[in-house]
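Step one of this worksheet: look at the structure below.
Every read-out reported here was derived from the displayed coordinates using simple, explicitly stated rules and does not represent laboratory data. Everything quoted here is computed from the prediction, not taken from an experiment. As a convention, Cβ positions derive from the backbone with ideal geometry for all residues, glycine included, and neighbour counts pool all protein chains shown.
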Amino acid sequence: METDRISQAIAAVVAIAAPPPPGTLSAEKIEQLLDRIKTHKAEIEAVTMTLRLRGVAESDFATAAATLTPDDVAPMMNTLAFMDAHAL
């Protein structure tokens with residue numbers, strides 16, 4: 001499991017849940033975030049599912065996601081991979 005990808009997914013969830021004020025992100029950063037949303041779909045899903053499992057309200061996702069580590073998300077990555085492999 002790639003911890004960098006999970007870390008990038010956590011950062012993406014933080015940015016999506018609490019976007020910075022307009023004009024503070026460069027076009028390059030916005031493009032990078034949009035690319036991560038497409039390429040890190042499974043990791044982003046694992047981050048949001050981890051937050052939901054912990055009972056975090058969507059309005060608190062940015063704050064809670066910022067405290068996660070790849071080790072916090074890894075069990076959900078494994079669960080989602082198992083479910084995909086067994087078509088559950």
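Quick check on R54: is it touching a residue at least 24 places away in the same chain (Cβ under 8 Å) and charged (D, E, K, R)?
On the way: touching a residue at least 24 places away in the same chain (Cβ under 8 Å): no; charged (D, E, K, R): yes.
No; evaluated as a whole, the condition is false for this residue.
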- Item | Residue count, the range 11-59 (criterion: among the small types (G, A, S) and either on the phi > 0 side of the Ramachandran plot or surrounded by 12 or more Cβ atoms within 10 Å (Cβ to Cβ) (or both)) | 9
- Task: Residue by residue through the range 60-88, note down the ones that are within 15 Å of A17 (Cα to Cα), of a type outside the set (D, E, K, R) and surrounded by 12 or more Cβ atoms within 10 Å (Cβ to Cβ).
- Result: F61, A62, T63, A64, A65, A66, L68
